[in-house]
Amino acid sequence: MLPHTARPLAQSGPIADNDVMNCIALAGGVGGAKLADGLARATDADSLTVIVNTGDDFDLYGLHISPDLDTVMYTLAGMANPETGWGIAGDTWHNFEMLDKYGVAPWFRLGDRDLATHLLRTKMLADGQPLSVVTRELCRRLNVAPRVMPMSDDPVRTVIATEQGLLPFQEYFVRHGWQPVAHAITFEGCDEAEAAPGMLRAIETADTIVICPSNPYLSIDPILSLRGVRDVLLNATAPIIAVTPIIAGEAVKGPAAKLMRELGLEPSAVEVARHYADFVNGFVLDTRDAGLASQIEAMGIGVLITDTLMTTPDDRARLACDVIGFADRLQPEKLGGCKLRQPGA
Ligand code: FO1
(Lines give C-alpha, C1' and ligand atoms only; values in the text may rest on other atoms or scores of the structure.)
Protein backbone atom coordinates (compact mmCIF):
# COMPACT_ATOMS: atom_id res chain seq x y z
CA MET A 1 0.00 0.00 0.00
CA LEU A 2 1.44 3.37 -0.96
CA PRO A 3 1.34 6.36 1.37
CA HIS A 4 -0.68 9.24 0.04
CA THR A 5 1.47 12.05 -1.28
CA ALA A 6 -1.02 14.68 -2.44
CA ARG A 7 -2.14 15.75 1.02
CA PRO A 8 0.02 15.25 4.15
CA LEU A 9 -1.52 13.46 7.10
CA ALA A 10 -1.65 15.01 10.54
CA GLN A 11 1.53 15.17 12.58
CA SER A 12 -0.38 15.30 15.86
CA GLY A 13 0.50 13.02 18.77
CA PRO A 14 -1.54 10.12 20.08
CA ILE A 15 -5.01 10.76 21.40
CA ALA A 16 -5.92 9.57 24.87
CA ASP A 17 -7.82 6.30 25.29
CA ASN A 18 -10.94 8.07 26.46
CA ASP A 19 -10.97 10.53 23.54
CA VAL A 20 -14.03 10.13 21.36
CA MET A 21 -13.29 9.39 17.74
CA ASN A 22 -15.20 11.86 15.63
CA CYS A 23 -16.18 10.32 12.35
CA ILE A 24 -17.67 12.28 9.45
CA ALA A 25 -19.50 10.53 6.62
CA LEU A 26 -20.51 12.25 3.38
CA ALA A 27 -23.58 10.50 2.01
CA GLY A 28 -26.34 10.50 -0.55
CA GLY A 29 -29.27 8.07 -0.47
CA VAL A 30 -29.40 4.30 -0.08
CA GLY A 31 -25.69 3.29 -0.35
CA GLY A 32 -24.62 6.18 1.84
CA ALA A 33 -27.31 5.43 4.40
CA LYS A 34 -26.23 1.78 4.65
CA LEU A 35 -22.59 2.62 5.35
CA ALA A 36 -23.62 5.39 7.76
CA ASP A 37 -25.66 2.74 9.60
CA GLY A 38 -22.62 0.44 9.61
CA LEU A 39 -20.48 3.25 11.04
CA ALA A 40 -23.10 3.89 13.72
CA ARG A 41 -22.99 0.18 14.64
CA ALA A 42 -19.21 -0.22 14.43
CA THR A 43 -18.16 2.99 16.19
CA ASP A 44 -19.59 5.32 18.79
CA ALA A 45 -22.89 6.40 17.17
CA ASP A 46 -22.92 9.63 19.21
CA SER A 47 -19.66 10.77 17.65
CA LEU A 48 -20.74 10.14 14.06
CA THR A 49 -21.87 13.04 11.88
CA VAL A 50 -23.49 12.25 8.54
CA ILE A 51 -23.43 15.13 6.05
CA VAL A 52 -26.19 14.50 3.54
CA ASN A 53 -26.81 15.66 -0.02
CA THR A 54 -29.84 17.93 -0.43
CA GLY A 55 -29.45 18.55 -4.18
CA ASP A 56 -32.31 16.03 -4.71
CA ASP A 57 -34.74 18.07 -2.60
CA PHE A 58 -37.90 19.41 -4.20
CA ASP A 59 -41.46 20.49 -3.44
CA LEU A 60 -44.57 18.44 -4.15
CA TYR A 61 -48.07 19.59 -3.18
CA GLY A 62 -46.42 22.31 -1.11
CA LEU A 63 -44.45 19.71 0.89
CA HIS A 64 -40.69 19.99 1.23
CA ILE A 65 -39.16 16.65 0.27
CA SER A 66 -35.58 15.79 1.27
CA PRO A 67 -35.23 12.21 -0.03
CA ASP A 68 -31.62 11.58 0.98
CA LEU A 69 -32.04 13.07 4.46
CA ASP A 70 -35.06 10.83 5.00
CA THR A 71 -33.30 7.74 3.66
CA VAL A 72 -30.41 8.34 6.07
CA MET A 73 -32.74 9.17 8.97
CA TYR A 74 -35.04 6.17 8.47
CA THR A 75 -32.08 3.82 7.97
CA LEU A 76 -30.40 5.01 11.17
CA ALA A 77 -33.75 4.72 12.97
CA GLY A 78 -34.07 1.11 11.75
CA MET A 79 -37.28 2.03 9.90
CA ALA A 80 -36.21 2.01 6.25
CA ASN A 81 -38.05 -0.07 3.69
CA PRO A 82 -35.62 -2.94 2.99
CA GLU A 83 -36.98 -3.53 -0.52
CA THR A 84 -36.64 -0.01 -1.91
CA GLY A 85 -34.02 1.38 0.50
CA TRP A 86 -36.10 4.62 0.67
CA GLY A 87 -39.38 5.21 2.48
CA ILE A 88 -40.61 3.42 5.59
CA ALA A 89 -40.88 -0.36 6.09
CA GLY A 90 -44.51 -1.53 6.03
CA ASP A 91 -45.84 1.86 4.92
CA THR A 92 -49.20 2.03 3.16
CA TRP A 93 -50.26 4.11 0.15
CA HIS A 94 -53.83 5.21 0.92
CA ASN A 95 -53.07 8.90 0.27
CA PHE A 96 -51.70 7.98 -3.13
CA GLU A 97 -54.78 5.85 -3.93
CA MET A 98 -57.02 8.80 -2.96
CA LEU A 99 -55.02 11.19 -5.11
CA ASP A 100 -55.43 8.66 -7.92
CA LYS A 101 -59.21 8.69 -7.33
CA TYR A 102 -59.09 12.48 -7.82
CA GLY A 103 -57.14 11.84 -11.03
CA VAL A 104 -54.06 13.71 -9.81
CA ALA A 105 -51.77 10.88 -8.65
CA PRO A 106 -48.21 12.21 -8.92
CA TRP A 107 -45.26 10.30 -10.40
CA PHE A 108 -43.56 10.62 -7.03
CA ARG A 109 -45.27 8.69 -4.23
CA LEU A 110 -45.18 9.37 -0.52
CA GLY A 111 -46.23 6.58 1.82
CA ASP A 112 -48.82 7.39 4.50
CA ARG A 113 -46.37 7.31 7.41
CA ASP A 114 -43.73 9.10 5.34
CA LEU A 115 -46.34 11.80 4.70
CA ALA A 116 -46.29 12.62 8.43
CA THR A 117 -42.56 13.39 8.22
CA HIS A 118 -43.26 15.72 5.31
CA LEU A 119 -46.15 17.49 7.03
CA LEU A 120 -44.03 18.11 10.11
CA ARG A 121 -40.89 19.16 8.21
CA THR A 122 -42.85 21.54 5.99
CA LYS A 123 -44.62 23.09 8.99
CA MET A 124 -41.33 23.57 10.90
CA LEU A 125 -39.70 25.16 7.83
CA ALA A 126 -42.74 27.42 7.35
CA ASP A 127 -42.38 28.44 11.02
CA GLY A 128 -38.91 29.71 10.13
CA GLN A 129 -36.69 26.91 11.38
CA PRO A 130 -33.71 26.06 9.14
CA LEU A 131 -33.49 22.59 7.58
CA SER A 132 -30.55 21.63 9.83
CA VAL A 133 -32.59 22.36 12.97
CA VAL A 134 -35.66 20.60 11.58
CA THR A 135 -33.55 17.55 10.70
CA ARG A 136 -31.97 17.45 14.15
CA GLU A 137 -35.42 17.60 15.75
CA LEU A 138 -36.92 14.87 13.53
CA CYS A 139 -33.91 12.64 14.24
CA ARG A 140 -34.16 13.30 17.98
CA ARG A 141 -37.80 12.25 17.98
CA LEU A 142 -36.90 9.03 16.10
CA ASN A 143 -34.02 8.30 18.55
CA VAL A 144 -31.36 8.58 15.88
CA ALA A 145 -28.05 8.84 17.75
CA PRO A 146 -25.69 10.12 15.02
CA ARG A 147 -25.86 13.77 14.01
CA VAL A 148 -27.57 13.96 10.60
CA MET A 149 -26.79 17.24 8.88
CA PRO A 150 -28.14 18.52 5.57
CA MET A 151 -25.24 19.84 3.50
CA SER A 152 -26.83 23.31 3.56
CA ASP A 153 -29.82 25.21 4.91
CA ASP A 154 -29.97 27.02 1.56
CA PRO A 155 -31.55 25.58 -1.58
CA VAL A 156 -29.17 23.81 -3.95
CA ARG A 157 -30.87 21.93 -6.77
CA THR A 158 -29.25 19.30 -8.97
CA VAL A 159 -30.20 19.72 -12.63
CA ILE A 160 -29.29 17.24 -15.36
CA ALA A 161 -28.72 18.49 -18.92
CA THR A 162 -30.11 15.66 -21.06
CA GLU A 163 -31.08 14.90 -24.64
CA GLN A 164 -34.60 15.93 -23.54
CA GLY A 165 -33.40 19.28 -22.16
CA LEU A 166 -32.76 20.35 -18.58
CA LEU A 167 -34.35 18.04 -16.03
CA PRO A 168 -34.63 18.74 -12.29
CA PHE A 169 -33.14 15.79 -10.38
CA GLN A 170 -36.34 13.96 -9.40
CA GLU A 171 -37.80 14.34 -12.92
CA TYR A 172 -34.65 12.76 -14.32
CA PHE A 173 -34.37 10.10 -11.62
CA VAL A 174 -37.92 9.04 -10.77
CA ARG A 175 -40.22 10.37 -13.51
CA HIS A 176 -37.92 9.28 -16.34
CA GLY A 177 -36.22 6.41 -14.47
CA TRP A 178 -32.75 7.91 -15.25
CA GLN A 179 -33.18 6.85 -18.89
CA PRO A 180 -32.53 10.19 -20.71
CA VAL A 181 -28.93 10.45 -21.90
CA ALA A 182 -27.13 12.98 -19.69
CA HIS A 183 -24.57 15.52 -20.95
CA ALA A 184 -23.83 17.57 -17.85
CA ILE A 185 -24.83 18.05 -14.22
CA THR A 186 -25.17 21.37 -12.44
CA PHE A 187 -25.99 22.36 -8.88
CA GLU A 188 -28.19 25.45 -9.03
CA GLY A 189 -27.64 27.78 -6.10
CA CYS A 190 -24.35 26.22 -4.99
CA ASP A 191 -22.43 29.50 -5.40
CA GLU A 192 -24.76 31.37 -3.06
CA ALA A 193 -25.40 28.54 -0.59
CA GLU A 194 -23.52 28.30 2.71
CA ALA A 195 -22.45 24.94 4.10
CA ALA A 196 -24.70 23.99 7.03
CA PRO A 197 -23.79 25.61 10.37
CA GLY A 198 -20.92 23.73 12.00
CA MET A 199 -20.26 21.54 8.98
CA LEU A 200 -16.87 22.91 7.92
CA ARG A 201 -15.67 22.89 11.53
CA ALA A 202 -16.87 19.30 11.97
CA ILE A 203 -14.81 18.23 8.94
CA GLU A 204 -11.82 20.22 10.17
CA THR A 205 -11.84 18.55 13.58
CA ALA A 206 -12.80 15.02 12.48
CA ASP A 207 -10.60 12.00 13.22
CA THR A 208 -11.84 10.05 10.20
CA ILE A 209 -13.69 11.20 7.09
CA VAL A 210 -15.56 8.67 4.96
CA ILE A 211 -16.94 9.31 1.49
CA CYS A 212 -19.76 6.76 1.34
CA PRO A 213 -20.42 4.58 -1.72
CA SER A 214 -22.95 7.07 -3.06
CA ASN A 215 -23.10 8.34 -6.63
CA PRO A 216 -20.00 10.61 -6.93
CA TYR A 217 -21.59 12.87 -9.57
CA LEU A 218 -25.18 13.11 -8.29
CA SER A 219 -24.84 12.68 -4.53
CA ILE A 220 -21.32 13.63 -3.38
CA ASP A 221 -20.49 16.38 -5.90
CA PRO A 222 -23.37 18.61 -4.67
CA ILE A 223 -21.73 18.56 -1.21
CA LEU A 224 -18.29 19.24 -2.72
CA SER A 225 -19.74 22.13 -4.78
CA LEU A 226 -20.41 24.21 -1.67
CA ARG A 227 -18.04 27.03 -0.88
CA GLY A 228 -15.27 25.96 1.49
CA VAL A 229 -15.91 22.20 1.42
CA ARG A 230 -13.11 21.21 -0.97
CA ASP A 231 -10.66 23.48 0.85
CA VAL A 232 -11.52 22.04 4.23
CA LEU A 233 -11.12 18.51 2.85
CA LEU A 234 -7.78 19.40 1.25
CA ASN A 235 -6.55 20.76 4.58
CA ALA A 236 -8.19 18.17 6.83
CA THR A 237 -5.83 16.44 9.23
CA ALA A 238 -7.96 13.29 9.36
CA PRO A 239 -7.52 10.47 6.85
CA ILE A 240 -10.16 10.63 4.12
CA ILE A 241 -11.37 7.30 2.82
CA ALA A 242 -13.70 6.84 -0.17
CA VAL A 243 -15.65 3.61 -0.69
CA THR A 244 -16.34 2.54 -4.25
CA PRO A 245 -19.93 2.67 -5.52
CA ILE A 246 -18.82 0.77 -8.66
CA ILE A 247 -18.09 -2.97 -8.71
CA ALA A 248 -16.87 -4.72 -11.85
CA GLY A 249 -17.86 -1.76 -14.02
CA GLU A 250 -21.44 -1.58 -12.71
CA ALA A 251 -23.11 0.58 -10.08
CA VAL A 252 -24.25 -1.30 -7.00
CA LYS A 253 -27.51 0.69 -7.36
CA GLY A 254 -28.71 3.51 -9.59
CA PRO A 255 -27.31 5.33 -12.60
CA ALA A 256 -23.63 5.90 -11.68
CA ALA A 257 -22.15 3.60 -14.35
CA LYS A 258 -24.59 4.70 -17.09
CA LEU A 259 -23.91 8.34 -16.23
CA MET A 260 -20.14 7.80 -16.36
CA ARG A 261 -20.40 6.31 -19.86
CA GLU A 262 -22.55 9.25 -20.98
CA LEU A 263 -20.08 11.75 -19.52
CA GLY A 264 -17.26 10.07 -21.46
CA LEU A 265 -15.74 8.31 -18.46
CA GLU A 266 -14.95 4.63 -18.14
CA PRO A 267 -17.32 3.18 -15.53
CA SER A 268 -14.76 1.80 -13.13
CA ALA A 269 -13.61 2.20 -9.55
CA VAL A 270 -10.36 3.69 -10.92
CA GLU A 271 -12.32 6.60 -12.42
CA VAL A 272 -14.11 7.15 -9.10
CA ALA A 273 -10.76 7.20 -7.27
CA ARG A 274 -9.46 9.70 -9.85
CA HIS A 275 -12.54 11.85 -9.23
CA TYR A 276 -11.61 12.11 -5.53
CA ALA A 277 -7.82 11.94 -5.97
CA ASP A 278 -7.18 15.56 -4.86
CA PHE A 279 -8.19 14.92 -1.29
CA VAL A 280 -8.56 11.21 -0.45
CA ASN A 281 -5.83 9.22 1.30
CA GLY A 282 -7.44 5.84 0.95
CA PHE A 283 -9.81 4.06 -1.41
CA VAL A 284 -11.84 0.96 -0.63
CA LEU A 285 -11.98 -1.31 -3.63
CA ASP A 286 -14.22 -4.34 -3.94
CA THR A 287 -12.58 -7.80 -3.99
CA ARG A 288 -14.00 -8.33 -7.50
CA ASP A 289 -11.87 -5.37 -8.65
CA ALA A 290 -8.65 -6.35 -6.84
CA GLY A 291 -6.77 -6.18 -10.16
CA LEU A 292 -7.35 -2.39 -10.30
CA ALA A 293 -5.46 -1.65 -7.06
CA SER A 294 -2.14 -0.74 -8.68
CA GLN A 295 -3.77 1.91 -10.89
CA ILE A 296 -5.22 3.60 -7.81
CA GLU A 297 -1.99 3.26 -5.83
CA ALA A 298 -0.20 4.93 -8.75
CA MET A 299 -2.29 8.04 -7.96
CA GLY A 300 -0.70 8.07 -4.48
CA ILE A 301 -3.84 6.70 -2.83
CA GLY A 302 -3.72 3.78 -0.39
CA VAL A 303 -6.01 0.86 -1.27
CA LEU A 304 -8.02 -1.55 0.86
CA ILE A 305 -9.51 -4.55 -0.92
CA THR A 306 -12.59 -5.98 0.76
CA ASP A 307 -16.17 -7.07 0.12
CA THR A 308 -18.05 -3.78 -0.26
CA LEU A 309 -21.54 -5.20 -0.92
CA MET A 310 -23.87 -4.44 1.99
CA THR A 311 -26.66 -7.00 1.81
CA THR A 312 -27.29 -7.39 5.55
CA PRO A 313 -26.93 -5.05 8.55
CA ASP A 314 -23.91 -7.13 9.64
CA ASP A 315 -22.30 -6.47 6.22
CA ARG A 316 -22.69 -2.74 6.89
CA ALA A 317 -20.95 -2.98 10.26
CA ARG A 318 -18.20 -5.24 8.90
CA LEU A 319 -17.48 -2.85 6.01
CA ALA A 320 -17.55 0.13 8.39
CA CYS A 321 -15.06 -1.64 10.67
CA ASP A 322 -12.82 -2.39 7.67
CA VAL A 323 -12.97 1.29 6.67
CA ILE A 324 -12.16 2.54 10.19
CA GLY A 325 -9.32 0.02 10.56
CA PHE A 326 -7.94 1.14 7.19
CA ALA A 327 -8.13 4.81 8.26
CA ASP A 328 -6.26 3.93 11.47
CA ARG A 329 -3.52 2.19 9.52
CA LEU A 330 -3.16 5.27 7.30
CA GLN A 331 -2.82 7.38 10.41
CA PRO A 332 -1.46 4.98 13.04
CA GLU A 333 -0.86 7.63 15.72
CA LYS A 334 -4.62 8.03 16.12
CA LEU A 335 -6.36 5.21 17.94
CA GLY A 336 -9.38 3.85 16.13
CA GLY A 337 -12.84 3.64 17.62
CA CYS A 338 -14.05 0.47 15.98
CA LYS A 339 -16.12 -1.50 18.44
CA LEU A 340 -17.82 -3.94 16.12
CA ARG A 341 -20.53 -5.79 17.94
CA GLN A 342 -20.80 -9.49 17.31
CA PRO A 343 -23.61 -10.40 14.88
CA GLY A 344 -26.85 -10.62 16.81
CA ALA A 345 -25.41 -8.89 19.91
N1 FO1 B 1 -38.07 6.85 -5.73
C2 FO1 B 1 -38.82 6.34 -6.73
O3 FO1 B 1 -38.27 5.71 -7.65
N4 FO1 B 1 -40.20 6.54 -6.78
C5 FO1 B 1 -40.85 7.22 -5.81
O6 FO1 B 1 -42.07 7.38 -5.88
C7 FO1 B 1 -40.06 7.72 -4.71
C8 FO1 B 1 -40.67 8.36 -3.65
C9 FO1 B 1 -39.88 8.77 -2.55
C10 FO1 B 1 -40.49 9.35 -1.45
C11 FO1 B 1 -39.74 9.76 -0.38
C12 FO1 B 1 -38.36 9.60 -0.40
O13 FO1 B 1 -37.63 9.99 0.66
C14 FO1 B 1 -37.72 9.00 -1.48
C15 FO1 B 1 -38.48 8.58 -2.57
N16 FO1 B 1 -37.90 7.97 -3.68
C17 FO1 B 1 -38.66 7.51 -4.72
C18 FO1 B 1 -36.45 7.76 -3.75
C19 FO1 B 1 -35.65 8.99 -4.13
O20 FO1 B 1 -36.31 9.96 -4.82
C21 FO1 B 1 -34.34 8.69 -4.86
O22 FO1 B 1 -33.91 7.39 -4.67
C23 FO1 B 1 -33.27 9.61 -4.33
O24 FO1 B 1 -33.57 10.96 -4.49
C25 FO1 B 1 -31.90 9.31 -4.95
O26 FO1 B 1 -31.02 9.31 -3.89
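The values are calculated or read from the model by the stated rules, or taken from the named source; none is laboratory data. Because the structure is predicted, anything quoted here is derived from the model rather than measured. Quick reminder, even Gly has a Cβ in these numbers, built from the backbone with ideal geometry, and neighbours come from all protein chains shown. To get the accessible areas, we keep the full protein, side chains included, count just its heavy atoms, and leave off ligands, DNA and RNA. Shrake-Rupley method; radii C 1.70, N 1.55, O 1.52, S 1.80 Å.
A few comments on the model shown:
- Whole-percent carbon and sulfur share, accessible surface of the stretch 169-232, 1.4 Å: 50
- Calculated SAXS-style log₁₀ I(q)/I(0) at q = 0.20 Å⁻¹ - the stretch 37-184, Debye, Cα scatterers: -1.34
- Across the stretch 131-212, Cα-Cα pairs more than 21 Å apart make up 50 percent of the total.
- Accessible area of the stretch 23-330 divided out per residue, in Å², using a probe of 1.4 angstrom: 39
- Centroid-to-centroid separation of the stretch 198-235 and the stretch 133-183 [C-alpha atoms, Å]: 16
- If R0 equals 41 Å, the separation of the Cβ atoms of Arg175 and Thr287 corresponds to a calculated FRET efficiency of about 0.70.
- Largest-first ellipsoid semi-axes for the stretch 137-289, taking √(5λ) over the Cα gyration tensor eigenvalues, angstrom: 25, 21, 15
- Within the shell defined by Cβ-Cβ distances under 12 Å, the residues around Leu119 carry a net charge of +1, with Lys and Arg each +1 and Asp and Glu each -1.
- Charge dipole (the stretch 168-251, unit charges on Cβ, about Cα centre) - positive-most of Ile185, Gly198, Ala248: Ala248
- The label-point distance for Leu63 and Ala126, in a model that sets each label 7 Å from Cα toward Cβ, rounds to 1.3 nm.
- In the chain, the longest principal axis of the Cα atoms and the axis of helix 313-330 are about 40 degrees apart.
- Relative to the current alpha-carbon distance between Val133 and Thr84, full extension at 0.36 nm per residue lengthens the span by 14.9 nm.
- Label-to-label distance, nm, for residues given as Asp231 and Asp307 (7 Å Cα→Cβ offset): 4.4
- Estimated 222 nm signal from helices in the chain, with DSSP H stretches of n ≥ 4 weighted -39500 (n - 2.57), rounded to 500: -9000 deg cm²/dmol
- Amide N proximity, the stretch 235-255 versus Glu266 label position 7 Å along Cα-to-Cβ, cut-off under 18 Å: 244-251
- Protection proxy ranking of 281-290, 66-75, 30-39, 304-313 - average other beta-carbon atoms within 10 Å, highest first: 30-39, 66-75, 281-290, 304-313
- The chain: Cα Rg divided by the 2.2 N^0.38 Å rule of thumb: 0.96
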